[in-house]
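Q: Below is a structure I'd like to ask you about.
The values are calculated or read from the model by the stated rules, or taken from the named source; none is laboratory data. All figures in this text were calculated on a predicted structure; none of them were measured in a lab. Cβ placement follows ideal geometry from the backbone for every residue including glycine, while neighbour counts extend to all protein chains displayed. In case anyone asks, the SASA skips ligands and DNA or RNA and just uses the protein heavy atoms, side chains included. Shrake-Rupley method; radii C 1.70, N 1.55, O 1.52, S 1.80 Å.
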Amino acid sequence: MDTFVSRKRRRLSPSPEPTAEDEDSTELKLALLASLHPQLDGDVLLEALIHFEGSVQQASVALGRDHAFSPTRKPAPSRIGHQSSLSAYGIAPGDTEVTKRPRTRKGRTLHLYDPQDIEAHTPCSIIHNFLPANEADALLLELLEQAPTYSKLEFQLFERVVKSPHTFCFYVNSLSDAEEQKAEYIYDGRKVEDVRQSTPEMLKASKKVEEAVNSEIQRRIRDFYPNGRKLKYQSPEPWRANTAFVNCYDGPHESVGYHTDQLTYLGPRAVIGSLSLGVAREFRIRKIVAEDEDHRKEDGSLADAQGQISIHLPHNSLLVMHADMQEEWKHSIAPAQAIDPHPLAGNKRLNITYRSYKDNLHPKYTPRCKCGIPTVLRCVMRRKETRGRYMWMCHTNYIPGQEGCSFFQWAEFDDDGDPPWAWAAKAEKKTAVEREDSLCREPRDESVGQPTKRG
Ligand SMILES: [Zn+2]
């Protein structure tokens with residue numbers, strides 16, 4: 001437990017470069033606390049952690065002693081209720097008085113259901129009843145068949161092996177893509193053994209998701225971003241649903257703690273399309289504030305528990321996490337007190353998160369650490385001086401039994417989010433496509449002189 005360095009000590013001797021712990025500490029500590037006290041709600045754990053200034057040991061002792069820790073805790077609503085909207089109370093999203101005022105307060109949860117409220121107050125937009133009902137059911141049934149073979153993610157935190165409190169599986173569009181993923185891509189410092197080809201219904205849905213996400217991106221840029229222009233580092237290229245992580249939350253207690261999605265293969269300002277099926281659950285998000293004196297409370301602890309926003313995700317809804325999400329907000333699936341069982345899925349929520357991998361962030365191009373492993377791409381969220389900068393870091397310390405090296409390198413991108421080697425990656429891709437083309441043409445070349453019909 002000595003490996004926990006308190007924020008106070010760290011502030012006295014600041015290192016010039018951010019460390020993974022700087023960026024992760026709260027979430028990692030919460031994950032560790034959650035694994036020590038699986039029966040307790042995330043809000044309670046966070047409150048305890050803040051109370052003890054980030055000491056997991058002290059928080060854990062207190063939580064073990066007093067299950068009623070959290071003086072301000074209110075009973076959570078037991079079920080996902082029926083739609084209510086800020087608009088219904090005469091608060092329009094465009095109301096400047098409302099949008100200027102922070103919508104959240106420390107320790108409070110703002111519940112949002114209405115698409116207009118969600119896109120006005122969060123970096124997300126939502127489409128309810130996304131697929132035709134019969135297609136959504138067919139997709140859900142296909143995934144329900146596969147879900148029992150999904151596995152929990154196992155990783156190491158502070159010399160302890162922690163298991164994710166839900167199961168997941170990784171899918172790509174073709175068998176050759178699956179082979180490439182298994183052989184070449186690295187996640188949490190290691191290769192993934194189980195990469196599957198998307199099911200027929202997943203592939204069918206992915207085309208529709210692709211179309212919807214691209215049009216939502218354009219709408220977001222036009223209506224929400226400064227001067228109607230894409231964000232710096234956001235890709236101007238069409239978004240492709242070329243990979244999908246499928247999560248299964250079986251029962252009200254399965255969850256995932258606050259985190260950001262890994263940017264390594266998506267690049268900066270990534271967009272993710274998340275299709276929810278089965279039981280409705282709460283998707284909670286929280287804006288991360290930089291660590292500075294403005295956010296330090298009188299007792300010296302950090303006012304890290306900004307109010308959170310809860311977006312309710314019913315069956316067959318598509319949530320788009322836009323380009324303004326991953327660098328500034330963290331998200332989670334909160335454990336629920338109770339759920340409404342779904343007629344097909346029972347207690348399960350299945351969630352397909354479609355992602356757009358960039359060719360030029362293939363691990364053959366990205367920096368390797370001293371362990372010889374392609375590094376992970378992260379964005380500084382907490383450190384005020386360097387907030388928003390990207391960095392390549394070693395991530396083999398997530399593998400149980402390994403320590404990792406201290407590799408660190410600032411990551412550079414152009415305005416479109418392309419790395420300095422993008423031109424080389426593009427040239428290589430062009431050559432590969434031409435080689436493939438000429439191989440395909442060869443048989444036809446032999447028939448030169450014969451009349452050919454086209455179309
Ligand atoms: Zn390393």
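Q: Any idea how many residues of the stretch 381-400 are more than 17 Å from residue 323 (Cβ to Cβ) and either of a type in the set (Lys, Arg) or more than 14 Å from the ligand (Cβ to nearest atom) (or both)?
A: Selection size over the stretch 381-400: 6.
Q: Ok, one more. Can you tell me which residue among 269, 229, 240 is open to solvent by 20 Å² or more (accessible area, probe 1.4 Å) and free of Cβ contacts under 8 Å to residues at least 60 places away in the same chain?
A: Matching residue, one of 269, 229, 240: 229.
Q: Need at least 2 residues that are touching a Leu at 6+ places or on another chain (Cβ under 8 Å) per element, so show me which strands (runs of 3 or more DSSP E) inside the stretch 118-182 make the cut, counting only ones lying wholly within it.
A: 124-127, 160-172
Q: Here's something else I'd like to know. Which members of the stretch 413-435 meet the condition of being under 25 Å from residue 378 (Cβ atoms), loosely packed, with under 12 Cβ neighbours inside 10 Å and either over 24 Å from the mean Cα position of the chain (by Cα) or not acidic (Asp, Glu) (or both)?
A: 423
Q: Taking the condition open to solvent by 10 Å² or more (accessible area, probe 1.4 Å) and in contact with a helix residue (DSSP H, G or I) (Cβ under 9 Å, 6 or more places away or on another chain), does residue 145 pass?
A: no
Q: With the condition kept exactly as written, say whether any residue in the stretch 393-412 is of a type in the set (D, E, K, R) and either surrounded by 15 or more Cβ atoms within 10 Å (Cβ to Cβ) or within 28 Å of residue 429 (Cβ to Cβ) (or both).
A: Yes.
Q: Name the single residue that is modelled with the lowest pLDDT among those in the stretch 442-455 being loosely packed, with under 10 Cβ neighbours inside 10 Å and part of a helix (DSSP H, G or I).
A: 445
Q: So, in the stretch 401-412, how many residues would count as being farther than 15 Å from residue 191 by Cα and within 11 Å of the ligand (Cβ to nearest atom)?
A: 6
Q: If you check 286, 349, 382, which single one turns out to be modelled with pLDDT of 95 or more and closer than 18 Å to residue 259 by Cβ?
A: 349
Q: Another question, if that's okay. In the list 339, 311, 352, which residue meets the criterion of being touching a residue at least 40 places away in the same chain (Cβ under 8 Å), more than 30 Å from residue 222 (Cα to Cα) and more than 16 Å from the ligand (Cβ to nearest atom)?
A: That would be 339, the only listed residue that is touching a residue at least 40 places away in the same chain (Cβ under 8 Å), more than 30 Å from residue 222 (Cα to Cα) and more than 16 Å from the ligand (Cβ to nearest atom).
Q: Considering only residues that are of a type in the set (A, V, I, L, M, F, W, C) and under 19 Å from the mean Cα position of the chain (by Cα), look in the stretch 355-380 and name the one that is nearest to the ligand (Cβ to nearest atom).
A: 376
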